[in-house]
Amino acid sequence: MDLSLTSIRSKGKQLNMSAEMFHKLSAFLTLMILIIVFAFGNAAFLSVNNGLTVLLQTSVIGLLGIGMTLVIITGGIDLSVGSVLALSGTVTGMLVKSGMPVVPAMLIGVLVGAACGLFNGFVITKMKITPFVATLGMMLIARGVALQLTGAAPISRLGEAFGVLGNGALFRVVEQGANGFPRVVFPGIPYPAILLVIVALAGGYLLRRRRLGRHIYATGSNEEAARLAGVEVDRTKITAYALSGALAGLAGIVLMSRLVTAQPNEGVMYELDAIAAAVVGGASLMGGVGNISGTMLGAFIIGVLRNGLNMAGVSAFIQQIIIGFVVILAVYIDQLRNRK
Amino acid sequence: MSSPPSGQTPLVELVDIEKHFGGVRAVNGVSADLYPGEVVGVLGHNGAGKSCLMRILSGAMMPSHGQIRVRGEDAHIASPHDARDLGIETIYQTLALADHLDAPSNLFLGRELRTKFGNLDDKRMLEEARKVLHTLNPNFTNLTDPVSSLSGGQRQVIAIARAIYFDVKILIMDEPTAALGPSETAMVADLIRKLKAQGIGIFLVSHDMHDVFELCDRIMVMNKGRNVGSHPIEEVSKDDVLSLIIKGGLPDNWVPRNREVAQ
C-alpha cells in the first residue's frame, strides 16, 4: 500500500515535471542552437569577453523580466518598467551629483522605483483601472518626471564610485605587464551578473516557497476564487507591482552605473524586452502561469540573439523584426503544447 | 428533529437582511435561522436572492442592512476571512478553485501550512490533502496535477474537502450535487448526514426536490428577494414547495401535510 502510494506519487511528479520541463527544454535548446549558429558565424562570439558582454546586457533585461514575471503571473502587465528604470537612475545620479554617498543614493533610487510600482498597484486595485492603462500612464509619468528633472540632459562625471556596481567584477585578475600597462588575465564575474543571480534565486524562492508566491499564482489563476478563499487579492497585486517597480529601479541603477552617466532617455522600449523574456520563458499573459527560470532562459535568448546579430553586422531594424517573430513563434509553440 | 428545539441557541440568526443594488432589492428583509445538526434547504428561482443571501453569510458580500448573529452573538462579517474565523465554510456552485494550482494548494489556499521559517510546508499539505480527499473519494490519486485537468467530480471533492477539513460549524452548500454523477451524489448525501450527526448546521441551496426532501429538516423558500415560507419538511409536499417557488405563496386552502395525514 505504502509502496504503491509512493510510486503513484513519483509518477505524478514525473508527469508534472515533463509537462513543465518541455517548455524549458525547448527554450534551452533554442538558446544552444542560437549560440552554435552565432559561434560558426563569428569566432569572437564564443570568447570570454563576449560572454561577459552578453551577461552584462542580459542582466538589465533579466532584472526587469523577474519583476515582469511576478506581475504577469497575477494576470497583469507592467508597461512602466522602462521609464521607471530611467527615473530611478536619474534620481540616483542627481543625488550623487549633489554630494550624497553612492550607496544611500542607490537605495533611494530603488525606493523611487518601488514607489512607482506601489502607485501602479493602487491605481489598478483601488481605482479599478486595467493594468495596461494604469502602467501606460505611469510609463508617461515616470519618463516625463525624469526628463523634467534633468532638462533632458544626461548627468555625467558622477565619480568612480558610481561606476563600480555596473563595471566592477568579482575575482578579477589583473597583472602588471612587462610594458608597464595592466593586463587583464581573467576579467572576473561582473557585479551585475551576480546581482541577477541573487535576485533570480530570491524571486524563485518567493514564488515557490512563500505564501505570497502561492497567492500570486492563485490571484492570476482565478481572482474570484482566491478572494473567496480568503486571499488578500489587492494586497498581493500591489506587492507584485511594487516589486516590479523596485526591480526596475535596481536595473536602472545598474544600467546608469555601467554608463557612469544618468541618462533620462535610457530604457525606452525595455518593457517590451522584459515582457518578451517572460513570454518566451513560458509565462502566460492570461495569468497563473510562469516562473523565474523560464524568464531567465527567455532573457538570455533575447540577449544572445541581440548580441549575435550585432556581431554578425545585422542592422538594429532587422533585429527588431527578428525578435518580433521569435516572440510570436515562442507563444505559438506553447499554445500548440497546451492544446494537446 | 421535526421543529427546531426551542430554548436552544441557534447557530446562525439572520435578522432582517437587505441587499440593494442601486434600486433593485436582491434581498428584502429576510430573516432565517439555523440550529446545530440541522439541514435547512434554501429554495427559489434563479435570481430569487438565495445565492445573494448565502454570499452575505459567507462574507463574499456585505448586506445593506440587517443583523447576523452567530451562536447568539452579533457577528460582523466583512470578508470571507471573517466568516471562516466564525466556522462558516462555503462550497460555491462555481467551486471557486484556482485552476493552475494542484489539489493541496487549493485545499489550503488562504490557510497555507507553513514551516517554522514561514516557508510553505508543501509536504505536510500534500499528506493532509491525501488523507481528507481519500476519505471522500478513495480513487483520488492525482494530487499533484493542476486541478484544471481533473474531472468535475474530483473538483467538487476538492471544494467539499476544503470546507470540511477546517473546523466547520456552519456549512453553506450551493448546489453541491449539480456537477456530480449518481455515486458521487450519494457520497455527498452520506456526507451531509454525517456532518449533521456531528452537530454541524447546513444551509443547502438546491433545485433538486428529491435531495431536498431526502436531506432537509426544514426549508425556506425565497421569491423576489423575500422569504415567502419557512416550514418543517413534514409540513409541506412537493407541490406546496413548487407553489411557494413559483407563486411566492402556498396553495389556497393549504393544510400542513403531516396534519392532513393525521386527519
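Data overview
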| quantity | calculated |
| --- | --- |
| Residues (charged (D, E, K, R) and closer than 23 Å to B:THR94 by Cβ) located in region B:194-246 | B:ASP208, B:ASP211 |
| So B:ARG155, is it more than 12 Å from every other protein chain (Cβ to nearest Cβ) and in contact with a Leu (Cβ under 9 Å, 6 or more places away or on another chain) | no |
| Region B:99-111: number of residues that are facing chain A (nearest Cβ under 7 Å) and part of a strand (DSSP E or B) | 0 |
| Residue in region B:126-142 that is farthest from the other protein chains (Cβ to nearest Cβ), counting only those that are assigned to a loop (DSSP other than H, G, I, E, B) and open to solvent by less than 40 Å² (accessible area, probe 1.4 Å) | B:ASN137 |
| Tally, over region B:64-83, of residues that are under 24 Å from B:PHE166 (Cβ atoms), of a type outside the set (Lys, Arg) and more than 15 Å from the chain's Cα centre (by Cα) | 12 |
| Criterion violated by B:LYS123 - all others in (1) assigned to a helix (DSSP H, G or I); (2) in contact with a helix residue (DSSP H, G or I) (Cβ under 9 Å, 6 or more places away or on another chain); (3) more than 16 Å from B:SER151 (Cα to Cα) satisfied | (2) |
| Only listed residue being more than 10 Å from chain B (Cβ to nearest Cβ) and within 16 Å of A:ILE72 (Cβ to Cβ), chosen from A:LEU201, A:LEU196, A:LEU206 | A:LEU206 |
| Verdict on B:VAL15 being touching a Pro at 6+ places or on another chain (Cβ under 9 Å) and more than 22 Å from B:VAL157 (Cβ to Cβ) | no |
| In region A:169-202, the residues that are more than 22 Å from A:ALA246 (Cβ to Cβ) and outside any strand (DSSP E or B) | A:PHE171, A:ARG172, A:GLY177, A:ALA178, A:ASN179, A:GLY180, A:PHE181, A:PRO187, A:GLY188 |
| Residue match in region B:45-54 (condition: in contact (Cβ under 8 Å) with a residue 12 or more places away in the chain, within 14 Å of another protein chain (Cβ to nearest Cβ) and basic (Lys, Arg)) | no |
| Which listed residue, of B:SER230, B:SER183, B:SER149, B:SER237, is open to solvent by 30 Å² or more (accessible area, probe 1.4 Å), of a type in the set (Ser, Thr, Tyr) and in contact with a strand residue (DSSP E or B) (Cβ under 8 Å, 6 or more places away or on another chain) | B:SER230 |
| Residues located in region B:55-89, provided they are in contact with an Asp or Glu (Cβ under 7 Å, 6 or more places away or on another chain) and closer than 27 Å to B:ASN137 by Cα | B:GLY87 |
| The lone exception for B:PHE203 - which of (1) within 23 Å of B:GLU13 (Cα to Cα); (2) in contact with a Leu (Cβ under 7 Å, 6 or more places away or on another chain); (3) open to solvent by 10 Å² or more (accessible area, probe 1.4 Å) it fails | (3) |
| Tally, over region B:58-98, of residues that are part of a strand (DSSP E or B) and either at the interface with chain A (Cβ under 8 Å from one of its Cβ atoms) or aromatic (Phe, Trp, Tyr) (or both) | 1 |
| When residues of region A:250-295 are limited to those that are open to solvent by less than 40 Å² (accessible area, probe 1.4 Å), of a type in the set (S, T, N, Q) and away from every other protein chain (no Cβ under 14 Å), the one farthest from A:TYR191 (Cα to Cα) | A:THR295 |
| A:VAL164 out of contact with any strand residue (DSSP E or B) (no Cβ under 9 Å at 6 or more places or on another chain) and open to solvent by 50 Å² or more (accessible area, probe 1.4 Å) | yes |
| Residue list for region B:95-119, filter: open to solvent by less than 30 Å² (accessible area, probe 1.4 Å) and in contact with a strand residue (DSSP E or B) (Cβ under 6 Å, 6 or more places away or on another chain) | B:GLU112 |
| Matching residues in region B:56-68 - criterion: being crowded, with 23+ Cβ neighbours inside 10 Å and β-branched (Val, Ile, Thr) | B:ILE56 |
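Table: residues versus (1) without any contact (Cβ under 8 Å) to a residue 60 or more places away in the chain; (2) on the phi > 0 side of the Ramachandran plot; (3) in contact with a helix residue (DSSP H, G or I) (Cβ under 6 Å, 6 or more places away or on another chain); (4) not in a helix (DSSP H, G or I).
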{"position": "A:VAL54", "(1), (2), (3), (4)": "no, no, yes, no"}
{"position": "A:GLN57", "(1), (2), (3), (4)": "no, no, yes, no"}
{"position": "A:GLY67", "(1), (2), (3), (4)": "no, no, yes, no"}
{"position": "A:GLY75", "(1), (2), (3), (4)": "no, yes, yes, yes"}
{"position": "A:LEU79", "(1), (2), (3), (4)": "no, no, yes, yes"}
{"position": "A:LEU85", "(1), (2), (3), (4)": "no, no, yes, no"}
{"position": "A:VAL112", "(1), (2), (3), (4)": "no, no, yes, no"}
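Conditions tested, residue by residue: (1) open to solvent by less than 40 Å² (accessible area, probe 1.4 Å); (2) modelled with pLDDT of 90 or more; (3) in contact with a helix residue (DSSP H, G or I) (Cβ under 9 Å, 6 or more places away or on another chain).
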| site | (1), (2), (3) |
| --- | --- |
| B:PRO4 | no, no, no |
| B:LEU14 | yes, yes, yes |
| B:VAL30 | yes, yes, yes |
| B:ASP33 | no, yes, no |
| B:VAL39 | yes, yes, yes |
| B:VAL42 | yes, yes, yes |
| B:MET54 | yes, yes, no |
| B:GLN93 | no, no, yes |
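The values are calculated or read from the model by the stated rules, or taken from the named source; none is laboratory data. Here the structure is a predicted model, which is why all the values come from computation and not from measurement. Here the Cβ is made from the backbone with ideal geometry for all residues, glycine too, and neighbour counts use every protein chain on show. Note: accessible area is taken over every heavy atom of the protein model, side chains too, but ligands, DNA and RNA are not part of it. Shrake-Rupley method; radii C 1.70, N 1.55, O 1.52, S 1.80 Å.
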